[in-house]
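Have a look at the structure below, then the notes.
The values are calculated or read from the model by the stated rules, or taken from the named source; none is laboratory data. Nothing here was measured: the structure is a model prediction, and the numbers come from that model. Every residue, glycine as well, gets a Cβ built from its backbone with ideal geometry; the counts of neighbours run over all protein chains shown.
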Amino acid sequence: MTKRITSKQVWKEIEKEIFAVIGMVTAKNEARTVGVVYVVKNGRFYISSGKGAWKVKHIAHNPNVSMTIPIHKSIPFLPWFKIPAATITFSGIAQILEPEETPTEIVRAIYRDMADNQELMADSCLIEVTPVKDFITYGVGISLMEMRDPKLARGRVPVNADAKPLSDRQRTV
């Protein structure tokens, strides 16, 4: 039986982090992943990129993506012990946005002082990812000892915090 974790708890963990791995598919149907830095606003992820980057081309071709957020785990005072990261994974729909189409507060959160650099902004775009369906978690909201048991470590909750919680039977499907 998995521990019950809520959408709200997952979003709270997501907001603590800044790094994720985004997965996409090329025009030749080959899987690709890349590490990205993100900010979250209103249930959406925003990622900066150069307009000519491969990830932008792949997402423009196929907006279906996945994201995995690793969450570092360690034992206090024993940092040399290797502990697997906890993870939050989800599917999403991505779209490419021009900086001027994006609220200023998001552009500033991502680019900081570089947001005033006109030359940089002209060559930049943002990738907006909207999570869909469920968050799939491993090791989120549990102790390191509980992480040893995959049944306890796994979790699945709807992306939308207002959605009805999943029953134990639905979680195993």
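Residues of the stretch 97-138 that are free of Cβ contacts under 8 Å to residues at least 60 places away in the same chain and either among the hydroxyl-bearing types (Ser, Thr, Tyr) or in contact with a helix residue (DSSP H, G or I) (Cβ under 6 Å, 6 or more places away or on another chain) (or both): PRO99, THR102, THR104, VAL107, ARG108, MET114, ALA115, LEU120, MET121, TYR138. Scan the stretch 38-53 for residues that are without any contact (Cβ under 8 Å) to a residue 40 or more places away in the chain and either exposed (fewer than 13 other Cβ atoms within 10 Å of the Cβ) or on the phi > 0 side of the Ramachandran plot (or both) and the total you get is 1.
Taking the stretch 33-53, which residues are more than 17 Å from GLY23 (Cβ to Cβ) and over 10 Å from the mean Cα position of the chain (by Cα)? Within the stretch 33-53, LYS41, ASN42, GLY43, SER48, GLY50, LYS51, GLY52 qualify.
Given the condition outside any strand (DSSP E or B), of a type outside the set (S, T, N, Q) and within 17 Å of PHE135 (Cα to Cα), answer yes or no: does some residue in the stretch 53-70 qualify?
Within the stretch 53-70, the subset outside any strand (DSSP E or B) is 53-63.
With of a type outside the set (S, T, N, Q) added as a condition, the list becomes 53-61, 63.
Subset that is within 17 Å of PHE135 (Cα to Cα): none.
Scanning the stretch 53-70 turns up no residue that is outside any strand (DSSP E or B), of a type outside the set (S, T, N, Q) and within 17 Å of PHE135 (Cα to Cα).
Scanning the stretch 71-115 for residues that are among the hydroxyl-bearing types (Ser, Thr, Tyr), surrounded by fewer than 17 Cβ atoms within 10 Å (Cβ to Cβ) and part of a helix (DSSP H, G or I) gives a single hit, THR104. Of VAL65, VAL21, VAL10, VAL56, all but one fail to be farther than 19 Å from VAL157 by Cβ, within 12 Å of the chain's Cα centre (by Cα) and in contact (Cβ under 8 Å) with a residue 60 or more places away in the chain; the exception is VAL65. Could you check the stretch 1-46 and list, in sequence order, the residues that are in a strand (DSSP E or B), in contact with a strand residue (DSSP E or B) (Cβ under 7 Å, 6 or more places away or on another chain) and over 18 Å from THR89 (Cβ atoms)? Listed by number, the residues that qualify are VAL39, TYR46. Within the stretch 27-43, track down each residue that is farther than 28 Å from GLU15 by Cβ and not acidic (Asp, Glu). Selection gives ALA27, LYS28, ASN29. Count of the stretch 116-160 residues, restricted to those that are more than 19 Å from the chain's Cα centre (by Cα), surrounded by fewer than 16 Cβ atoms within 10 Å (Cβ to Cβ) and part of a loop (DSSP other than H, G, I, E, B), is 5.
So which of THR137, THR130 is modelled with pLDDT of 85 or more, within 20 Å of VAL39 (Cβ to Cβ) and not acidic (Asp, Glu)?
Details: THR137 fails: within 20 Å of VAL39 (Cβ to Cβ).
Going through THR137, THR130 in turn, just one is modelled with pLDDT of 85 or more, within 20 Å of VAL39 (Cβ to Cβ) and not acidic (Asp, Glu): THR130.
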